[in-house]
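Inspection log for the structure reproduced underneath, given as structure tokens.
Each reported figure results from applying straightforward, stated rules to the coordinates on display, with no laboratory input. All figures in this text were calculated on a predicted structure; none of them were measured in a lab. Cβ sites come from the backbone with ideal geometry, for glycine too, and all protein chains shown count toward neighbours.
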Amino acid sequence: MQIRVFLPMALALCFGNCLTGQAIFDSTFVIERAAVFFDVNKHDLQPGADTVLAAIAAKCLTTNRRFLEIEAHTDADGSDGFNQELSERRAEAVRGFLTGQGVPGEQMRVVPFGEHKPVASNASDDGKQKNRRATVELWQRTRMTWLKGQVVDMETKEGIPAMVSLRSRFLNDSIQTDSAGHFSTPVPDRMPVEVSVFSPGYFFETQILTPNSLEPIQVEFPLPPALAGEVLTLKNFYFVGNQDTLLPKSEPELPKLLKFMQFNPGIRIEIAGHINLPNSPPVPKESWNYGLSVRRAKRVYTYLIDQGVDPGRLTYNGYGNYEMVFPHARTEREQALNRRVEIRVLENPDMKGRTRKN
């Protein structure tokens, strides 16, 4: 994710917010890219390029906080000087079209590179065609503020070092805390951001936050130790009813589990699958319903194996409707929580000798 920070703006706005201690500033993020291609030694737009450029121009015009950066390129045939001039003409052809679409000049920036930034080898005709291009990036200028917090051990309340991952509409980044678990990072102001924290020896945690420069917050992330015998229910991890298919909104949770396994290279876990069958007796192990709980666990197991996790660190099992969170579930939310997957720690050498505090 490309980010640009405008320090003069940051300093000016900080001066006006010194009393609150919460600086706000502008950064920019690439939110979309488009590319058009050219014939040999030509700068005229090819058929179809107008559709591509018109679409990105329309998005730029939705707000004056967006702008376009035009980069133009050539293949390596010809002299360096000729190619530099050709890239300038290609950039101007694109800018001219965007101007005709109503994009103001102050919302565009042109950078001709000649032959110096190829994306493919110039040894083939196909590679040369890919290099004869102009790319248009749509940048969003976004008001930023600071998110501050600390990651702590849930039992001892002591700060612990951790990695903090942040994901929002314009942001996808990771930072490292200090040795006491403290972190401070710029995030879009008044925009929801998903914050996930990972630390060796601990389960992971995710919170959805909306930082507000007018009401600064100090967030605490208490992480439970991943001790042998402990259980973590995967949050926001839901299946389609009567299937082992994850709901689309739950698919981003799988990489978090993978990262947990990577942060704890010696851990062994059981993946436990559960189904929703309220107001019913325990289903037989040979039944389709029991098999569904096994298949849900195996779905997660297979994902981790496919991502390179050693099979010796994993096992999976189904528990039917034996351990429903809501045995008499009535609402859709309660039923969704019954259709869950848990991570049960079988062994964690990194936490050997530590026991859970009551």
Simple label model, 7 Å out from Cα along Cβ direction - V52 to A180, nm: 5.3 nm
query: So which of K157/K352; K42/K117; K130/K249; K59/K117; K148/K235 end up more than 25 Å apart by C-alpha?
result: K130/K249; K59/K117
- request: Mind jotting down the distance between the C-alpha centroids of the range 77-101 and the range 295-338, whole Å?
  value: 56 Å
query: Which entry in [x] 0.98; [y] 1.23; [z] 1.09 matches Rg/Rh (Cα atoms, Kirkwood Rh) derived from the coordinates of this structure?
result: [z]
statement: Zone reached by a paramagnetic label modelled 7 Å from T315 Cα along Cα→Cβ, restricted to the range 236-278 with backbone N below 16 Å, covers 267-273
- request: With a cut-off of at most 16 other beta carbons within 10 Å, and DSSP calling the residue loop, which chymotrypsin sites (Phe, Trp or Tyr not before Pro) in the range 286-358 qualify? Please list them.
  value: Y322
- line: Most exposed to least, judged by fewest other Cβ atoms within 10 Å, I275, I175, I343 sort to I175, I343, I275
- line: Note on the range 231-351, DSSP bridge orientation, antiparallel percent to nearest 5 equals 65 percent
Helix-derived mean residue ellipticity, 222 nm - over the chain, DSSP H n ≥ 4, -39500 (n - 2.57), to 500: -7500 deg cm²/dmol
- line: Magnitude of the Cβ-charge dipole (Lys and Arg +1, Asp and Glu -1) of the range 55-124 about the Cα centre, nearest 20 debye, reported as 520 debye
- prompt: Which of the lysines could a cross-linker bridge to K285, judged by Cα under 20 Å and excluding same-chain residues fewer than eight apart?
  reply: K298
- line: Helix 80-100 sits off the longest principal axis of the Cα atoms of the chain, rounded to the nearest 10 on a 0 to 90 degree scale, by 80 degrees
- request: For the chain, build the charge dipole from Cβ charges (+1 Lys, Arg; -1 Asp, Glu) around the Cα centre, then report which of V136, A54, V231 sits farthest towards its positive end.
  value: V231
statement: A chain fully extended from E158 to E85 at 0.36 nm per residue, minus the present Cα-Cα distance, gains in nm 20.2 nm
- prompt: If you put +1 on each Lys and Arg Cβ and -1 on each Asp and Glu Cβ, how big is the dipole of the chain around its Cα centre, in Debye rounded to 20?
  reply: 920 debye
- prompt: So how much slack lies between T99 and E220, counting 0.36 nm per residue of separation and subtracting their Cα-Cα distance, in nm?
  reply: 38.7 nm
- prompt: Once both labels are modelled 7 Å past Cα along the beta-carbon direction, what's the K148-Y322 spacing in nm?
  reply: 5.0 nm
Estimated FRET transfer efficiency when R0 is 30 angstrom, pair K285-N236 (beta carbons, to 0.05): 0.55
message: Under a Cβ-only charge scheme (Lys and Arg +1, Asp and Glu -1), can you give me the dipole magnitude of the range 145-223 about the Cα centre, in debye to the nearest 20?
response: 280 debye
field: Euclidean distance of C-alpha centroids, the range 173-249 and the range 36-73, integer Å
entry: 38 Å
statement: A chain fully extended from S124 to K59 at 0.36 nm per residue, minus the present Cα-Cα distance, gains in nm 19.9 nm
- prompt: In degrees, nearest 10, range 0 to 90: what is the angle between the Cα axis of helix 49-60 and the longest Cα principal axis of the chain?
  reply: 70 degrees
